[in-house]
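Handing you this structure, nothing more for now.
The values are calculated or read from the model by the stated rules, or taken from the named source; none is laboratory data. What you see is a predicted model, and the numbers here were worked out from it, not measured in a lab. Cβ: placed from backbone, ideal geometry, glycine included. Neighbour counts: every protein chain shown.
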Amino acid sequence: MEAQGASARPVVEISLTVNGRPHTLAVEPRETLLDLLRMRLGLTGAKLSCDVQVCGACTVLVDGLPVSACTYLAYEARGRQVLTIEGLADGEGLHPLQQAFIDHAAFQCGYCTPGMILAAKALLDEIPRPTTDEIKHYLRGNICRCTGYKKILEAVLAAAETMASRHG
Amino acid sequence: MTEDRETTLEVVGRPTARVDGTDKVTGRARFVSDVAVPGMLETRILRSPLPHARIRGIDVSRARAVPGVAAVLTGADLDGLDPYYGVAYKDQPLLAIGRVRYEGEPVAAVAASDAVAAEAALERIEVDYDPLPAVTTLDEALAPGAPLVHERLRPAGHFRDLRALRPVEGTNICHHVRRTRGDGARGLQRAEVVVEDVFTFPAVQHVSLESFVSIARWDGDRLTVWSGTQHPFPVRKELSEIFGVPAHRIRVIAPLIGGAFGQKCYAKYEPLAAALARAAGAPVRVWVSVTDAFRTLTRHPARIHMRTGATRDGRLVARVVRAWLDTGAYADVGPRVAGKVAYLSIGPYRWEHLDVEAFAVYTHRVPAGAFRGYGAPQAEWAGESQLNRLAAELGIDPTELRLRNLLGQGEPYDPTDRPIDGDLPALLRAAARGVGWETPPRPGRGRGVAVGVKDGGGAHSVSASLVRLHADGTATVHVGSVEMGQGPRTVMAQITAETLGLPLEGISVQEPDTDLVPYDQGSSASRSTALAGTAVHRAALDVRRQLLEIARRFFEAPPDVVTLAGGAARAGGRIATYAELIAYHFGTPGGELIGRGEFHSGERDPGAPGPTAFWELGAAAAEVEVDAETGAVRVCAYASATDAGRAINPQLCEAQDQGAAVQGLGHTLFEEVRIEGGQVQNAGLIDYRVPLADDLPPTFTAALHQDGGGPGPFGAKGVGEIGIVMPAPAVAGAVAAATGARVRDLPLTPERVWRALRAADGA
């Protein structure tokens, strides 16, 4: 939707890669990465929630590191690689974290889940076999109001095991 | 539940992955905030900065001039509508009319081409307020001569139990409930030991990660609303009354919802969205921030004065309760919550004498309404804490004191109501075992217990369902239960699969849409699996009956030799798929079998007294460590036990219990919406602290019991709420056991605990 009110506002052209695909877009300096993903690219997996970088529902990976897309400017993502939940599965083959979240019922409403899974991916990329305490600490930035976290911890541990045995 | 039945169930009770699983882990799941209606405008709401004021005037001329602005609405622009809504009283205007009654009340709203334009317009609205004296605490609201929040009250007449509203004329009390048995005061006089306390429970916020989202579109005289609502049909009714449009021209759709917990019960922002869409002549989306959700609804803060009397050998004799609930500026479901607090403050024990009374009180604060547990957390924080104190004063183990007095299965909670339908003593023993009750805790640690009880399902409700068996032998379930995380789409598919002998993959569950699913009261009060599930079960049984009849004709066999399984009928070695049976029945490979099922509270057999559909029953035990220097409480172990009646999906039942327990640990340890002078001090997630991953106790277990006593399909009950009831009294009981310090105010902040420790030392 090209906004009437937006037409007079300044824009700047940026290039970035999202889920392996290059994009060149004219963005407003104030535009967040979350708005770019959701409104320009139709990638609605990343969610808007607290809007103040506390809850982690908007977590995406930028060059492999988790960021809160609600407060990360689209402009800051220029020249970078962005991974969203839509880019995690390998075709129809789910990532081990996605499968583990299903197997362990590690979500209920599912609104925090894309951010939670991507944060967990960043954790496992950094620490392939984390302890429960390391997972708890790492996921402090991702709020889940439904599950009480226990099944999430179980899912991340199980995914770590699956991934380790694959690389084994 | 017999062994026999256990082994014949194929889908029910077995590990079954959620039907929405893949969508939710891949980002494909479409939540209400992901719905994009073509041409949809964005909106912003201007809120009152004052708790009580007269609106002298609002100047919106500069706002209307902002490029991209399509509509600016104030309370003066609602001509032609009945602009008040509310489930108990129609007391809440969709925008303030002439007067604001709480800080954060919507005063004006803008629809514009995008959020930036809407925000720019909002900044250009000028409101001239004339501040008025405000009552922002229970004491202020109850003081003689206090300003009245509402001078006139108009009952909404929506629900049977809310027809008998009892406000106190000339006061801010909008409803009160009293129940008695024997003589409470005399009972206390006769008791050998009496404990007396005043407990408080804070305002807490649901913090659904997806906040309120409502999209409205008018097509001529037809209105379509997509909303994150737990109550599509009641919302339709409210819209019908506000806009004067009959039900058949209003369509309410509830896509996936990112958490609700009661917050999204009944109409919230749907009326405003529809009014804005009408004024703008275009679809609009109202998407309220998580921060402004704190200015929309909280749980009822409560003050509960309780006295409990017992004999020296630990027999409970009498309880007298006076409870006050702050329902804020608009009643919402406050009267019903007050009724629940009165009823549940009794507790699941044998009493001779009771006198319990609860009041819902208007104040100039953010409205309070439904939140998981619905009065049970407040009532049982007081009741179970008194049991813990009484145990200490009598020198009786707190589990033992309860076991001597708990109602057993089949004993009446109240002579006029459904008897207790599960094994509370077994739940209590299981929870206590879960933290190692039989061995003493490590030095410096203490343990506490609590039981929980809630009359589940809602008092008077209706659900209907249609199950359609298509020509290819697959099925679609039409039912209004809303998927907000609790899993009804999975459970309804399981019930249908089990009943029809179909694989789960052969079943779809229709998204709730008032044009496409039959009436359902709503997804609240833990009612979906047990009550809406009964409607689904009956609809599936109706299809099953038709299938058997067709199969009997097809096979020319007596009905009792026909079996249905795996999508096919079998008789005497012959087999016919459902598709073949449908083609045979209609004489063409088309058509479908339609099953119809209904549940309504009025149908219950005359032998079943009282309004309670089923009892949610639970127990929990906690072990804590308290830092004597700082008062910080660490929950080292937490164990709960819940009766699911019959778990259709054990993994999801367990998940409900775990989630509820951690949410309850939130209001136990740190959650509180602080309101000072009527101003919310900590709206939003920077200042309001909810449980995080590392708040999960190191030992944390949830045991599912299946006592088979539920009224739902296969003996199911609802399990959504009970887990949030026990954490506060169990943890506070553990703190007292560890330190001798008794805290009567939640949350158990380090400061409060530290002060209580000092008081206990001094005593």
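From A:141, A:148, which residue is facing another protein chain (nearest Cβ under 9 Å), free of Cβ contacts under 8 Å to residues at least 24 places away in the same chain and under 23 Å from residue A:49 (Cα atoms)?
The unique qualifying residue is A:148.
Condition first: within 10 Å of chain B (Cβ to nearest Cβ), out of contact with any Leu (no Cβ under 6 Å at 6 or more places or on another chain), without any contact (Cβ under 8 Å) to a residue 40 or more places away in the chain and closer than 26 Å to residue B:697 by Cβ. Now tell me which residues in region A:86-131 satisfy that.
Of everything in region A:86-131, those that are within 10 Å of chain B (Cβ to nearest Cβ), out of contact with any Leu (no Cβ under 6 Å at 6 or more places or on another chain), without any contact (Cβ under 8 Å) to a residue 40 or more places away in the chain and closer than 26 Å to residue B:697 by Cβ turn out to be A:102, A:108, A:109, A:110, A:113.
Residue under question is residue B:204, and the condition is that it be more than 26 Å from residue B:725 (Cβ to Cβ), touching a strand residue (DSSP E or B) at 6+ places or on another chain (Cβ under 9 Å) and not assigned by TED's automatic domain parsing to the domain that holds residue B:481; does it hold?
No, not satisfied.
Can you tell me which condition residue B:213 does not meet? The list is (1) away from every other protein chain (no Cβ under 14 Å); (2) over 30 Å from residue B:354 (Cβ atoms), and all the others hold.
Every condition holds for residue B:213 apart from (1).
Can you tell me which residues in region B:643-665 are away from chain A (no Cβ under 13 Å) and not aliphatic (A, V, I, L, M)?
Once the filter is applied, which keeps residues that are away from chain A (no Cβ under 13 Å) and not aliphatic (A, V, I, L, M), region B:643-665 yields B:643, B:645, B:646.
Within region B:42-54, does at least one residue satisfy the condition of being within 14 Å of another protein chain (Cβ to nearest Cβ), closer than 30 Å to residue B:485 by Cβ, of a type outside the set (S, T, N, Q) and touching a residue at least 60 places away in the same chain (Cβ under 8 Å)?
Yes.
Okay, next question. Looking at the structure I just gave you, is residue B:684 within 20 Å of the chain's Cα centre (by Cα) and in contact (Cβ under 8 Å) with a residue 40 or more places away in the chain?
No: the conditions fail for residue B:684.
Quick check on this structure: which one of A:102, A:117, A:127 is surrounded by fewer than 24 Cβ atoms within 10 Å (Cβ to Cβ), within 15 Å of residue B:27 (Cα to Cα) and not assigned by TED's automatic domain parsing to the domain that holds residue A:65?
After ruling out the rest, the residue left standing is A:102.
So residue B:381 ticks every box in (1) assigned by TED's automatic domain parsing to the domain that holds residue B:47; (2) closer than 28 Å to residue B:676 by Cβ but one. Which box is left unticked?
Every condition holds for residue B:381 apart from (1).
Separate question: Does region B:641-661 contain at least one residue that is without any contact (Cβ under 8 Å) to a residue 24 or more places away in the chain, surrounded by fewer than 23 Cβ atoms within 10 Å (Cβ to Cβ) and either more than 22 Å from residue B:260 (Cβ to Cβ) or not β-branched (Val, Ile, Thr) (or both)?
Scanning region B:641-661, I find no residue that is without any contact (Cβ under 8 Å) to a residue 24 or more places away in the chain, surrounded by fewer than 23 Cβ atoms within 10 Å (Cβ to Cβ) and either more than 22 Å from residue B:260 (Cβ to Cβ) or not β-branched (Val, Ile, Thr) (or both), so the answer is no.
Any residue in region B:68-79 that is within 14 Å of chain A (Cβ to nearest Cβ), buried (at least 21 other Cβ atoms within 10 Å of the Cβ) and in a loop (DSSP other than H, G, I, E, B)?
There is at least one residue in region B:68-79 that is within 14 Å of chain A (Cβ to nearest Cβ), buried (at least 21 other Cβ atoms within 10 Å of the Cβ) and in a loop (DSSP other than H, G, I, E, B).
Could you tell me which of the residues B:90, B:24 is under 30 Å from the mean Cα position of the chain (by Cα) and more than 13 Å from chain A (Cβ to nearest Cβ)?
B:90
Of these, B:16, B:8, which one is modelled with pLDDT under 95 and more than 14 Å from chain A (Cβ to nearest Cβ)?
B:8
Among the candidates B:280, B:260, single out the residue that is at pLDDT 95 or above, over 25 Å from residue B:71 (Cβ atoms) and within 14 Å of another protein chain (Cβ to nearest Cβ).
It is B:260.
Continuing with the same structure: Looking at residue B:635, is it touching a residue at least 12 places away in the same chain (Cβ under 8 Å) and in contact with a Ser or Thr (Cβ under 6 Å, 6 or more places away or on another chain)?
no
While we're on this one: So which of B:446, B:480, B:457 is touching a strand residue (DSSP E or B) at 6+ places or on another chain (Cβ under 8 Å) and at pLDDT below 95?
None of the others qualify; the one that does is B:457.
Looking at region B:668-687 only, could you name the residues that are within 14 Å of chain A (Cβ to nearest Cβ) and part of a loop (DSSP other than H, G, I, E, B)?
B:670, B:671, B:682, B:683, B:684, B:685, B:686, B:687, listed by residue number.
Moving to a separate point now. Conditions first: (1) at negative phi; (2) at pLDDT below 95; (3) over 27 Å from the mean Cα position of the chain (by Cα). Residue B:497 passes all but one, so which condition is the exception?
(2)
Right, something else. Kindly provide the set of residues from region A:145-159 that are touching a Pro at 6+ places or on another chain (Cβ under 9 Å) and either under 20 Å from residue A:84 (Cα atoms) or in the same structural domain as residue A:51 (by TED's automatic domain parsing) (or both), ordered by number.
Hits for region A:145-159 are A:156, A:159.
Being touching a Cys at 6+ places or on another chain (Cβ under 9 Å) and not in a strand (DSSP E or B) narrows it down to one of B:663, B:651, B:658, so name that one.
Matching residue, one of B:663, B:651, B:658: B:663.
Right, something else. Would you confirm whether or not region B:28-38 contains a residue that is under 24 Å from residue B:291 (Cα atoms), basic (Lys, Arg) and part of a loop (DSSP other than H, G, I, E, B)?
Yes, the conditions are met somewhere in region B:28-38.
Which members of region A:3-38 meet the condition of being without any contact (Cβ under 8 Å) to a residue 12 or more places away in the chain and facing chain B (nearest Cβ under 10 Å)?
A:3, A:4, A:5, A:7, A:8, A:38
Shifting gears a bit: Within region A:74-84, identify whether any single residue is within 12 Å of chain B (Cβ to nearest Cβ), over 23 Å from residue B:42 (Cβ atoms) and in contact with a strand residue (DSSP E or B) (Cβ under 8 Å, 6 or more places away or on another chain), and answer yes or no.
Yes: region A:74-84 contains one or more residues that are within 12 Å of chain B (Cβ to nearest Cβ), over 23 Å from residue B:42 (Cβ atoms) and in contact with a strand residue (DSSP E or B) (Cβ under 8 Å, 6 or more places away or on another chain).
Please go through region B:221-234 and pick out each residue that is farther than 28 Å from residue A:57 by Cα and either under 24 Å from the mean Cα position of the chain (by Cα) or buried (at least 21 other Cβ atoms within 10 Å of the Cβ) (or both).
B:223, B:224, B:233, B:234
How about region B:286-318: which of its residues are in contact with a helix residue (DSSP H, G or I) (Cβ under 7 Å, 6 or more places away or on another chain) and among the basic types (Lys, Arg)?
B:303, B:307, B:312, B:315
Among the numbered conditions (1) under 30 Å from residue B:461 (Cα atoms); (2) part of a strand (DSSP E or B), tell me where residue B:707 comes up short.
Result: residue B:707 passes all but (2).
So that you can scan it fast, the table gives a plain yes or no per residue for (1) over 30 Å from the mean Cα position of the chain (by Cα); (2) within 14 Å of chain A (Cβ to nearest Cβ); (3) over 24 Å from residue B:341 (Cα atoms); (4) loosely packed, with under 13 Cβ neighbours inside 10 Å:
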| residue | (1), (2), (3), (4) |
| --- | --- |
| B:106 | no, no, yes, no |
| B:127 | yes, no, yes, no |
| B:131 | yes, no, yes, yes |
| B:173 | no, no, no, no |
| B:178 | no, no, no, no |
| B:198 | no, no, no, yes |
| B:201 | no, no, no, no |
| B:209 | no, yes, yes, no |
| B:219 | yes, no, yes, yes |
